[in-house]
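Engineer: This is the structure I have questions about; it appears just below.
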Amino acid sequence: MTETTGIGASARTKAKAIESSPEALVQAQLEAYNQRDLATFVAQFSDDVCIYRPPATAPAIQGKAAFSDFYQNERFNLPNLHAEIVSRMVVGNKVVDHERISGIRDQPFEVMVVFEINDGLIQTMWSFATN
């Protein structure tokens, strides 16, 4: 018999909200990134995703198709690709990760990545990398 009381529905709603919190969403994309799981990684982002690399003011990548192509051809083909979280801060619908990235350059490097979440998906990402 299926439970239909308000308590059961409330618990399910709360569980879903926890699963789709901004922090959980960013964690899911991080885990998919480290596993080079393109489908799961891309699924965390909105169709109109914009990726910025300041100081440039124009998007470096715009739209899910371009985003998917970039990660498939420029990142997930790197066998030693890995992102490690140094620290994380969550403020409302924004998550700020201080990450150490390895497998792209000769030596690991650090980035600060700001994720903006809207309608349950990552819509905008700003990546500030060290030289």
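Engineer: Among the residues of region 95-110, count how many are over 20 Å from residue 72 (Cα atoms) and buried (at least 17 other Cβ atoms within 10 Å of the Cβ).
Structural biologist: Going through region 95-110 one residue at a time, the tally reaches 3.
Results for (1) more than 16 Å from residue 124 (Cβ to Cβ); (2) touching a residue at least 40 places away in the same chain (Cβ under 8 Å), shown as yes or no for each residue.
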residue	(1), (2)
22	no, yes
25	no, yes
29	no, yes
33	yes, yes
37	yes, no
42	no, no
45	no, yes
48	no, yes
63	no, no
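Engineer: From 127, 87, grab the single residue that is surrounded by fewer than 16 Cβ atoms within 10 Å (Cβ to Cβ), hydroxyl-bearing (Ser, Thr, Tyr) and either out of contact with any Pro (no Cβ under 7 Å at 6 or more places or on another chain) or under 21 Å from residue 57 (Cα atoms) (or both).
Structural biologist: Testing whether each residue is surrounded by fewer than 16 Cβ atoms within 10 Å (Cβ to Cβ), hydroxyl-bearing (Ser, Thr, Tyr) and either out of contact with any Pro (no Cβ under 7 Å at 6 or more places or on another chain) or under 21 Å from residue 57 (Cα atoms) (or both) leaves just 87.
Engineer: Which residue out of 32, 11, 58, 39 is surrounded by 12 or more Cβ atoms within 10 Å (Cβ to Cβ), among the small types (Gly, Ala, Ser) and at pLDDT 95 or above?
Structural biologist: 32
Engineer: Among (1) assigned to a loop (DSSP other than H, G, I, E, B); (2) closer than 20 Å to residue 25 by Cα, there is one condition residue 107 misses while meeting the rest; what is its number?
Structural biologist: Going through (1) assigned to a loop (DSSP other than H, G, I, E, B); (2) closer than 20 Å to residue 25 by Cα one by one, residue 107 breaks only (2).
The values are calculated or read from the model by the stated rules, or taken from the named source; none is laboratory data. For clarity, every value in this text was computed on a predicted model and none was experimentally measured. Cβ atoms come from the backbone with ideal geometry, glycine included; neighbour counts cover every protein chain shown.
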